[in-house]
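Enquirer: Following this message is one structure expressed as structure tokens.
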Amino acid sequence: MPELKQPQEAAETTTEQPLTTKKKRAMLEYMAIMFAAAFLLVAISLLIKVIDMKGEMEAANTGARENIALLQKDLDAARAESAELQTKLDEANAASSEAADKLSEAETRLSEAEKARETLEKTLESAQKENDTLSRRAQANELLVSAQAALEQGDYAALRSHLEALGAYADALKDDGAALYETLRSYID
């Protein structure tokens, strides 16, 4: 078994030997290449991510611009609709004011018409009273004329009949007619 120890010792002795310049240089070149490759991979990865993010940012920017354009379009449409509604409201207010003025004017005319109707009713009532008075006076004058004609014919019975009928209308006679009535009554008393 001692023989086995020798190859292990030989291996230990070989690994413990100091590195030569050539080996150091090869190792440094290897490490530099590995570092450069790793750096290159990181740089490429970073570049790809930047390009990808730039594309995403441009897409997001384009989407945001489209959204802003749509929002601006909606805002413009809302403003136009608001202006249209305001115009309609102003027109409705003007129409309402005009209708209120017309209503007030119509109420004034109605009030005037009612006053005129009341005046006409009073005038009609007065005219009817006057007509009744004139009708009674005409009836009284007719009876007075008939009574005078009966007196002239000497028909005292007809005179009495006419004067009795004339008694209901005597208040409608004017001064001359009332005096004639009293004169004719003296003939039958």
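What follows draws every value from the coordinates through simple rules; no lab data is involved. The structure displayed is predicted, hence computed values, not measured ones. As a convention, Cβ positions derive from the backbone with ideal geometry for all residues, glycine included, and neighbour counts pool all protein chains shown.
Enquirer: How far apart, in nanometres, would the label points at LYS174 and LYS49 be if each is projected 7 angstrom from Cα along the Cα-to-Cβ direction?
Expert: Using points 7 Å along Cα→Cβ, the separation is 13.0 nm.
Enquirer: With a cut-off of at most 12 other beta carbons within 10 Å, and DSSP calling the residue loop, which trypsin sites (Lys or Arg not before Pro) in the range 94-188 qualify? Please list them. The partial results should precede the final answer.
Expert: Numbers: sites: LYS102, ARG109, LYS115, ARG117, LYS122, LYS129, ARG136, ARG137, ARG160, LYS174, ARG185; in loops: LYS174.
Taking the range 94-188 and a limit of 12 other Cβ atoms within 10 Å, the loop trypsin sites (Lys or Arg not before Pro) found are LYS174.
Enquirer: Averaged over every viewing direction, what's the projected area of the C-alpha convex hull for the range 127-189? Give it in nm², one decimal, please. The partial results should precede the final answer.
Expert: Working: hull surface 15.3 nm².
In nm², the orientation-averaged hull projection of the range 127-189 is 3.8.
Enquirer: Still on this structure, please answer the following. Just to confirm the filter: which trypsin sites (Lys or Arg not before Pro) across the range 10-101 are DSSP coil and have at most 13 other Cβ within 10 angstrom of their Cβ? Present the calculation step by step, with values, prior to reporting the outcome.
Expert: Details: sites: LYS22, LYS23, LYS24, ARG25, LYS49, LYS54, ARG65, LYS73, ARG79, LYS88; in loops: none.
Qualifying residues, ordered by number: none.
Enquirer: In Å, what Kirkwood hydrodynamic radius results for the chain from the alpha-carbon pair distances? The partial results should precede the final answer.
Expert: Values: mean 1/r = 0.0319 Å⁻¹.
Here the Kirkwood hydrodynamic radius works out to 31.3 Å.
Enquirer: Translational D (Stokes-Einstein, µm²/s) of the range 81-189 at 37 °C and 0.692 mPa s when Rh comes from the Kirkwood sum over C-alpha pairs? List each step's numbers first, then the result.
Expert: Details: Rh = 19.0 Å.
The diffusion coefficient I find is 173 µm²/s.
Enquirer: Using the basic label-point model (7 angstrom from Cα toward the beta carbon), what is the GLU164 to ASN131 distance in nanometres?
Expert: The modelled label-to-label distance comes out at 3.2 nm.
Enquirer: How high is the relative contact order of the chain, in percent, with contacts defined as C-alpha pairs under 8 Å that are six or more residues apart? Could the numbers behind the result be given before it?
Expert: Values: 48 pairs, mean separation 24.1, N = 189.
After rounding, I find 13 percent.
Enquirer: Next up: Semi-axes of the equivalent ellipsoid for the range 71-115, please: Cα gyration tensor eigenvalues, times 5, square-rooted, ordered largest first, whole Å.
Expert: On the way: eigenvalues 357, 3, 3 Å².
Values for the range 71-115, descending: 42, 4, 4 Å.
Enquirer: Next up: Determine, from the Cβ-Cβ distance of ARG185 and GLU121 and an R0 of 30 Å, the FRET efficiency 1/(1 + (r/R0)^6), rounded to the nearest 0.05. Before the final figure, lay out each step's value.
Expert: Working: r = 40 Å, r/R0 = 1.33.
That pair, ARG185 with GLU121, gives E of 0.15.
Enquirer: Now for a different question. If a/c stays under 1.5 just call it rounded; otherwise compare a/b with b/c (prolate if a/b is bigger, oblate if not). Do that for the range 24-71, with a ≥ b ≥ c from the square roots of the Cα gyration tensor eigenvalues. Let's see the in-between values first.
Expert: Working: a/c = 12.04, a/b = 10.58, b/c = 1.14.
Note, shape of the range 24-71 comes out prolate.
Enquirer: Still on this model: Mind checking the dipole of the chain: about its Cα centre, +1 per Lys or Arg Cβ, -1 per Asp or Glu Cβ, Debye to the nearest 20? Let's see the in-between values first.
Expert: Working: 22 positive and 35 negative charges, 416 e Å.
Result for the chain is approximately 2000 debye, rounded to the nearest 20.
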